[in-house]
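Since every read-out is calculated from the coordinates, none of them should be taken as a lab result. These numbers were taken from a predicted model, which means no experiment stands behind them. So basically every Cβ, Gly included, is an ideal-geometry build from the backbone, and we count neighbours across all protein chains shown.
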Amino acid sequence: MNPYMQQVIETAQFIRKRIHADPEYGLVTGTGLAVCAEAFEPIASIPYRETPHFPFSTLSGHPGRIQFGSTSGKQIIVMQGRCHLYEGYSPGQVVFPIRVMQELGVRILILSNAAGGVNPQYHSGDILIITDHINLTGSNPLAGPNEDHWGVRFPDMGLAYDPQLIRLAATVSADLKIPIKMGVYAGLHGPSLETPAEIRYLRLIGADAVGFSTVHETIAAVHARMAVLGISIITNVHNPEKPEPTTVEAVISVAEKAGPSLSKLIRTILLSF
Ligand code: HPA
């Protein structure tokens, strides 16, 4: 067995021993969004550092914990914090938690992130349901020999973000009176933020939001035949005609403010599924 798969299996076994369950739902919380784990009654908590082989982020806004919880009998594993390509992690390391969730039996995966607004109609604090993505990272987590046990060589990406989950998110947000946007997320390598020319380019190619995560996780999850729901908090909106500086503190602060609404939305989506 290849060493990467061996590590994934060992990590999944370690977690299974600690949580005594096979959760069907998974959630990854992005920058400043760790509070979303509180939407579920906690059952177990495992720091990434105590989890064998687990990559962890060194950034603020990413606590680095596995939380296992439930709501109305639905079991969910939450990855509180993720690692990124720009920290020097490989695509394989970035999707390691997704492969572990696959081994644990996760079928429905919610990916959340903080993102920059590219669409000029967006406002800071908006919640965006991701309808599609553009992978501009220059890499793909499926490069290399295909693991047939995990998925097919050429996974179809036509419905990468599950239409049923997108419809459900729209219905639930209307019921809860939490406004949402729907749009396309462009995933870049980072860590430098976008130049005005890059923002004009992203608009031209059909992107509504931009960030440094999620696209690899979605690719691995589609390969794993999971249904994916992607949600961004728009923490800053780019105006290429009048560029304004963005700071990580501002990004975290806007994301944290949106956390409670996002938690409510995610919890209600899971309950309605
Ligand atoms: N660019 C990339 N990633 C981000 C941004 C941005 O403007 N805002 C929050 N995450």
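Points to keep in mind about this one:
- On the beta carbon distance between Ser272 and Lys17, with R0 = 41 Å, the FRET formula returns roughly 0.85.
- Among 65-78, 218-231, sorting by the average number of other beta carbon atoms lying within 10 angstrom of each residue, highest first, gives 218-231, 65-78.
- Computed label-point distance, nm, for sites Ile205 and Arg49 using a 7 Å Cα→Cβ extension: 3.8 nm
- Take every Cα pair under 8 Å whose residues are at least 6 apart in sequence, average their separation, divide by the length of the stretch 134-273, and the relative contact order is 33 percent.
- Inter-part distance, the stretch 24-103 to the stretch 167-197, computed on C-alpha centroids, equals 20 Å.
- Across the stretch 1-115, counting alpha-carbon atoms alone, Rg and Dmax equal 13.1, 39 Å.
- Between Ser139 and Met182, the modelled label-to-label distance comes to 3.3 nm, taking each label 7 Å out from Cα in the direction of the beta carbon.
- A quarter of the convex hull surface defined by the alpha-carbon atoms of the stretch 48-100 gives 4.1 nm² as the mean projection.
- Per-peptide packing, taken as the mean over residues of other Cβ atoms within 10 Å, places 121-129, 1-9, 196-204, 264-272 in the sequence 264-272, 121-129, 196-204, 1-9 from highest down.
- Proportion of all alpha-carbon pairs of the stretch 127-215 beyond 16 Å (%): 64 percent
- Estimated Rh, the chain: Kirkwood, alpha-carbon pairs, angstrom: 18.5 Å
- Spin-label proximity, Asp148 to the stretch 1-38 - amide N less than 15 Å from point 7 Å beyond Cα toward beta carbon: 1-2
- The relative contact order of the stretch 3-271, computed from alpha carbon pairs under 8 Å that lie at least 6 residues apart in sequence, is 27 percent.
- Selection of trypsin sites (Lys or Arg not before Pro), the stretch 94-180, meeting DSSP coil and at most 16 other Cβ within 10 Å: Arg107, Arg153, Lys177
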